[in-house]
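One structure is given here, and the rest of the page talks about it.
The values are calculated or read from the model by the stated rules, or taken from the named source; none is laboratory data. What you are looking at is a predicted structure, and each value in this text was computed from that prediction instead of being measured. Virtual Cβ from ideal backbone geometry, glycine too; neighbours counted across all protein chains shown. Surface areas here come from the heavy atoms of the whole protein model, side chains and all, with no ligands, DNA or RNA. Shrake-Rupley method; radii C 1.70, N 1.55, O 1.52, S 1.80 Å.
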Amino acid sequence: MWILGIESSCDETGVALVRADRGSALPVLVAQALHTQAAMHEAYGGVVPELASRDHIRRVLPLIQQVMAQSSLSLSQLDVIAYTRGPGLAGALLVGAGTACALAASLGKPLIGIHHLEGHLLSPFLSADPPSFPFVALLVSGGHTQLMQVDAVGSYVLLGETIDDAAGEAFDKSAKLMGLGYPGGPALSALAAQGNPLAFALPRPLLNQPNLDFSFAGLKTAVLTQTLKLGADLEQRKADLAASTQAAIVDVLVKKSVKALKQTGLKTLVVAGGVGANRALREQLQAHCRKLGARVHYPEPELCTDNGAMIAMAAAMRLSAGVETPQADYAFDVLPRWPLAQTPA
Ligand code: KG4
Ligand code: ZN
């Protein structure tokens with residue numbers, strides 16, 4: 001079965017083709033194409049929703065053509081068209097959903113709307129070292145920070161989440177305060193490599209609370225205060241502040257993930273979402289999981305941030321698990337706010 005996936009929830013237009021065979025084998029990624037709008041939004045220091053929607057419109061059809069050309073398949077050979085139904089920016093989501101619906105209707109093929117975070121969550125199944133169920137998932141993106149217990153495809157129990165900013169947002173906002181580029185996560189983490197993570201004592205809210213919730217809003221206030229105080233040896237102090245900020249975020253994510261593993265008794269951790277690309281986070285999770293006798297799985301680095309492959313993959317896995325019935329009435333909607341635990345199983 002051939003599944004085309006279209007992602008357009010934020011500032012990346014992603015299209016990919018996945019092949020799912022009958023039996024126990026995992027679906028495989030056959031072709032993919034991606035356009036990131038980061039350079040366009042950089043001038044504004046964040047995503048401008050209207051510009052994002054317009055750019056998705058410009059990019060989506062050429063990307064579909066690119067993916068089809070890579071695969072040497074014709075559109076009529078597709079079996080299912082999947083798109084990101086939410087959560088995300090309403091106008092941006094509508095571009096992917098409208099395109100997917102028009103394509104499916106013109107081909108007479110069924111349509112599946114996928115939860116963006118389910119895509120992130122299942123993306124490690126496309127890696128060379130896929131996990132197996134059940135596992136704890138740490139979802140860390142620009143808009144979400146959640147710990148989930150995942151027993152099977154479609155079975156997602158929320159263990160804890162951020163009560164204010166997301167981890168990616170904490171990276172992005174801190175980077176902005178320090179005058180680094182957009183998106184801030186990669187820029188801050190690159191500068192952090194030259195700094196001392198112990199130089200500044202930054203807050204780690206909720207770290208010692210028994211629950212699995214996170215809070216990152218206080219961190220940016222602390223970073224602002226320290227940024228204003230940066231002295232003459234600016235460059236080194238800035239690197240130290242970047243390293244200390246990263247250390248504070250990573251410390252909380254690691255300790256809460258370990259707590260979730262202990263609490264559930266599970267021995268597998270899956271890390272997904274853009275912040276999962278962070279090297280310090282990966283190294284520390286690796287070290288802590290090894291101590292616990294647990295294993296940690298990631299998507300391939302290029303599939304950590306938004307992409308079409310994770311959407312096609314989630315559709316393929318939902319279909320093989322029998323938790324999804326594709327629709328063929330071509331009435332579509334988008335859900336800009338959509339809790340993952342409410343995804344039908
Ligand atoms: O999953 P994603 O591509 O988009 C959302 O669904 O939000 O995540 C984007 C987030 C941004 O906040 C970005 O700064 C962060 O992931 N990010 C990183 C790194 N690469 C991306 N944060 C820290 N370190 C990185 N290397
Ligand atoms: Zn995402």
Problem - 22 Å Cα cut-off, lysine pairs counted over the chain (separation 8 or more, or different chains) - result: 20
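How long are the semi-axes of the equivalent ellipsoid of the chain, defined as square roots of 5 times the Cα gyration tensor eigenvalues? Whole Å, largest first.
Equivalent-ellipsoid dimensions as semi-axes: 35, 23, 16 Å.
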Handout entry: the chain: relative contact order as a whole-number percent, Cα under 8 Å and 6+ apart
Key = 25 percent
Handout entry: Gained length - Thr227 relative to Leu75, 0.36 nm times residue gap less alpha-carbon distance
Key = 49.4 nm
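Restricting to bridges with both residues inside the stretch 133-298, how much of the DSSP beta-bridge set is antiparallel, in percent to the nearest 5?
Bridges in the stretch 133-298 that DSSP calls antiparallel: roughly 60 percent.
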Fill in the blank from the handout: Taking only protein heavy atoms and a 1.4 Å probe, the highest-to-lowest accessible-area order of Cys10, Cys101 is Cys10, Cys101
Practice task
For the chain, find the longest principal axis of its Cα atoms and tell me its angle to the long axis of helix 279-292, 0 to 90°, nearest 10.
Solution key: 90 degrees
Exercise for the section: Roll a 1.4 Å probe over the protein heavy atoms and report the accessible area of Thr221 in Å², nearest 10. Expected result: 80 Å²
Completion exercise
Residue-normalised 222 nm signal for the chain, counting each DSSP H run of n ≥ 4 as -39,500 (n - 2.57), nearest 500 deg cm²/dmol, is -13500 deg cm²/dmol
Exercise for the section: Hey, for a label at Arg54 modelled as a point 7 Å past Cα toward Cβ, could you say which residues of the stretch 4-46 have their backbone N under 20 Å away? Expected result: 8-14, 35-46
Fill in the blank from the handout: For Gly160, the residues 5 or more places away or on another chain with a placed amide H closer than 5 Å to its own amide H are Leu147
Completion exercise
The rounded separation in angstrom of the Cα centers of the stretch 300-339 and the stretch 96-126 is 5 Å
Handout entry: Net lengthening on full extension, Asp333/Arg279 (0.36 nm per residue, minus Cα-Cα)
Key = 15.7 nm
Problem - Accessible surface of Val18 - all protein chains present, 1.4 Å probe, nearest 10 Å² - result: 0 Å²
Fill in the blank from the handout: Note, Val48: beta-carbon cut-off 12 Å, +1 each Lys/Arg, -1 each Asp/Glu, net -3
Problem - For the stretch 155-162, 3J(HN,Hα) per residue [Karplus equation, 6.51 cos²θ - 1.76 cosθ + 1.60, θ = phi - 60°, Hz, x = Gly/Pro] - result: 10, 10, 10, 6, 9, x, 7, 6
Handout entry: Inter-part distance where the stretch 146-214 and the stretch 217-233 are each reduced to a Cα centre, Å
Key = 17 Å
Handout entry: DSSP beta bridges in the chain [antiparallel fraction, %, rounded to 5]
Key = 60 percent
Completion exercise
Rounded to a whole %, the carbon-and-sulfur portion of the accessible area of the chain at a 1.4 Å probe is 55 percent
Practice task
Kindly report, to the nearest 10 Å², the accessible surface of Asp329 as traced by a 1.4 Å probe over protein heavy atoms only.
Solution key: 110 Å²
